[in-house]
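What follows is one structure encoded as structure tokens, with my remarks underneath.
The values are calculated or read from the model by the stated rules, or taken from the named source; none is laboratory data. Quick caveat, the model's predicted, so the values are computed rather than measured. For neighbour counting, all protein chains shown are included, and Cβ atoms are generated from backbone atoms with ideal geometry for every residue, glycine included. The accessibility values were calculated without ligands, DNA or RNA, using every heavy atom of the protein model including side chains. Shrake-Rupley method; radii C 1.70, N 1.55, O 1.52, S 1.80 Å.
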Amino acid sequence: MLGNFIYSNPTKLYFGNNALDNLPVALKDYSRIMLVYGGCSIKKTGLYDRIVKLLKDSGKTVIEDGGVMPNPTVGKLYEGCKIARENEVDFILAVGGGSVCDYSKAVSVSTYCEGDPWEKYFIKFDEPDCKIIPVGCVLTMVGTGSEMNGGSVITNHAQKLKIGHVFGENVFPKFAILNPEVTFTIPDYQMKAGFFDIMSHILEQYFSGEDDNTSDYIMEGLLKSLIHSTRIAVKNPTDYEARSNIMWTATWALNTLVAMGKSTDWEVHMLGQAVGAHTDATHGMTLSAVSLPYYRHILPYGLDKFVRFAENVWGVSPANKTKEEIALEGLAEMEKYMREIGVVMNITDLGVTPEMIEGIADSTLVMTGGYKVLTREEIIAILKESL
Ligand code: NZQ
Ligand code: ZN
């Protein structure tokens, strides 16, 4: 039975190859814009120049905060808050991928926060009770869904923790500009990591609950579109149709819609984030490296759903097979797809050694919404399987 919920998503989307033209209108109520970006990719592609010109032509004061690293750190967050506060910015424009968007949301709730934002939001999971600076985003990297959700993931290397806080609607981006052409320049490794991140977001929500939920049918459709389009995009990264479908799927995979009425799991992300906290590896690849050992481990506890996954997503024929055989064949098809796309299949390739397993297990949060609440021994076993 579908549980009770309230659904609303305040982010306005501008989609398509002329979406950036809408930037001046989207920013009409703001004047002191903090322009947040990552390394040099937006300067190389010319996006930086186009955006600065649009901002200057519409009379904005531009305050720059570049150098946001993949897997943004708490140290960088403190730096951004100082820039925002000293310059009294009234809007944060994130131009980049999930790291830049997540960081911008963290700065938005932390600039006027009393006390330490890391402690408040990422350890105690308190909600903001201070002034929030609105955020908008020009997305350049596809995968996280950060453009239309309240998620913000920050890494604290000293504490060996990578933690996400899912903030409420007041922290969602006010708008997101999605131009699929901008994604053509994403490096191959990042592109593929993003593809698997999308798949993982859908699976984290799909593999929970045993009831008849509309969200599961939507997710099967999203998965089929994703599998189809990513197979095209890895061969031809500038295929606009494939890249635009992938961009749109990524947004719907994690903009809260398909979570409605579901408990949702997120244990693969907890394992992946723990690997990330110890290695600083690329997010999507930390997920691909642990997913199959995790799903094979929990399969007996959610068998009917794994059977449904095999039949409806991968087209496995059930004829003359046991439920276990059908379910395992579904995961074998998923493995074939992952190898075809070219994602990382084990944590050794991400720099993990057997000696690091205990520490990574200590950094892994245990979720309760999936088919099995993991014990520490199970976490260690899954991590060892993933080596
Ligand atoms: O820094 P620059 O030079 O811009 O280069 C970036 C970066 O090195 C490059 N890139 C991005 N767009 C490009 C491009 N290069 C050329 N052309 C373009 N158009 O790609 C690299 C990776 O960027 P990043 O933003 O780190 O990737 P992603 O979007 O995968 O974000 C990862 C972060 O998001 C968090 C992850 O944990 C990780 O910290 N997540 C956020 C979520 C959320 N808000 O809901 C959910 C996710 O599960 C995830 O945890
Ligand atoms: Zn993710």
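Exactly one of (1) polar (S, T, N, Q); (2) crowded, with 24+ Cβ neighbours inside 10 Å; (3) out of contact with any helix residue (DSSP H, G or I) (no Cβ under 7 Å at 6 or more places or on another chain) is unmet by residue 159. Its number?
Unmet for residue 159, out of (1) polar (S, T, N, Q); (2) crowded, with 24+ Cβ neighbours inside 10 Å; (3) out of contact with any helix residue (DSSP H, G or I) (no Cβ under 7 Å at 6 or more places or on another chain): (2).
I need every pair where a residue in the range 224-247 that is over 12 Å from residue 192 (Cα atoms) has its Cβ under 9 Å from the Cβ of a residue that is in a loop (DSSP other than H, G, I, E, B) and open to solvent by 80 Å² or more (accessible area, probe 1.4 Å), sequence separation at least 6 or different chains.
Once the first residue is over 12 Å from residue 192 (Cα atoms) and sits in the range 224-247, its partners that are in a loop (DSSP other than H, G, I, E, B) and open to solvent by 80 Å² or more (accessible area, probe 1.4 Å) give 240/17; 244/17.
Would a scan of the range 87-97 turn up a residue that is farther than 25 Å from residue 272 by Cβ, assigned to a loop (DSSP other than H, G, I, E, B) and of a type in the set (A, V, I, L, M)?
Looking through the range 87-97, at least one residue is farther than 25 Å from residue 272 by Cβ, assigned to a loop (DSSP other than H, G, I, E, B) and of a type in the set (A, V, I, L, M).
Output yes when any residue across the range 355-368 is closer than 18 Å to residue 230 by Cβ and open to solvent by 50 Å² or more (accessible area, probe 1.4 Å), and no when none is.
no
Among the residues in the range 113-132, are any open to solvent by less than 10 Å² (accessible area, probe 1.4 Å) and part of a loop (DSSP other than H, G, I, E, B)?
Looking through the range 113-132, none of the residues is open to solvent by less than 10 Å² (accessible area, probe 1.4 Å) and part of a loop (DSSP other than H, G, I, E, B).
Could you tell me which numbered condition residue 166 fails, if it satisfies all but one of (1) within 14 Å of ligand 2 (Cβ to nearest atom); (2) under 25 Å from residue 367 (Cα atoms); (3) buried (at least 22 other Cβ atoms within 10 Å of the Cβ)?
Every condition holds for residue 166 apart from (3).
Give all pairs with beta carbons closer than 6 Å in which a residue from the range 135-159 that is outside any loop (DSSP other than H, G, I, E, B) meets a residue that is of a type in the set (Lys, Arg) and more than 13 Å from ligand 2 (Cβ to nearest atom); count only pairs at least 6 apart in sequence or on separate chains.
That search, which allows pairs on different chains as well, returns 135/105; 136/174; 152/105.
Can you find, within the range 76-112, the residue that is most open to solvent (accessible area, probe 1.4 Å) among those that are near ligand 1 (Cβ under 10 Å from one of its atoms) and not hydrophobic (A, V, I, L, M, F, W, C)?
Step by step, filter the range 76-112, then rank; the result is 99.
Kindly indicate whether any position in the range 259-271 is part of a helix (DSSP H, G or I) and more than 28 Å from residue 357 (Cβ to Cβ).
Among the residues of the range 259-271, at least one is part of a helix (DSSP H, G or I) and more than 28 Å from residue 357 (Cβ to Cβ), which makes the answer yes.
What tally of residues in the range 228-239 results from selecting those that are out of contact with any Asp or Glu (no Cβ under 6 Å at 6 or more places or on another chain) and open to solvent by 10 Å² or more (accessible area, probe 1.4 Å)?
8
Just the residues that are under 27 Å from residue 350 (Cα atoms) and under 12 Å from the mean Cα position of the chain (by Cα), please, taken from the range 250-267.
Scanning the range 250-267 gives 250, 251, 253, 254, 266.
Within the range 188-213, which residues are away from ligand 2 (no atom under 15 Å from the Cβ), open to solvent by 10 Å² or more (accessible area, probe 1.4 Å) and in contact with a helix residue (DSSP H, G or I) (Cβ under 9 Å, 6 or more places away or on another chain)? Please lay out each step first, then the result.
We begin by selecting, within the range 188-213, every residue away from ligand 2 (no atom under 15 Å from the Cβ); these are 188-189, 208-213.
Next, only the ones that are open to solvent by 10 Å² or more (accessible area, probe 1.4 Å) stay: 188-189, 209-212.
Scanning the range 188-213 gives 188, 189, 209, 210.
Can you pull out every residue in the range 135-148 that is on the phi < 0 side of the Ramachandran plot and open to solvent by less than 30 Å² (accessible area, probe 1.4 Å)?
Passing the criteria: 135, 136, 137, 138, 139, 140, 142, 146, 147, 148.
Please work out which one of (1) within 12 Å of the chain's Cα centre (by Cα); (2) away from ligand 2 (no atom under 16 Å from the Cβ); (3) among the aliphatic types (A, V, I, L, M) is the condition residue 142 fails and give its number.
(2)
Every residue, every condition in (1) of a type in the set (Val, Ile, Thr); (2) in contact (Cβ under 8 Å) with a residue 12 or more places away in the chain; (3) in a loop (DSSP other than H, G, I, E, B), yes or no:
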{"site": "312", "(1), (2), (3)": "no, yes, no"}
{"site": "316", "(1), (2), (3)": "yes, yes, yes"}
{"site": "338", "(1), (2), (3)": "no, yes, no"}
{"site": "345", "(1), (2), (3)": "no, yes, yes"}
{"site": "355", "(1), (2), (3)": "no, no, no"}
{"site": "387", "(1), (2), (3)": "no, yes, yes"}
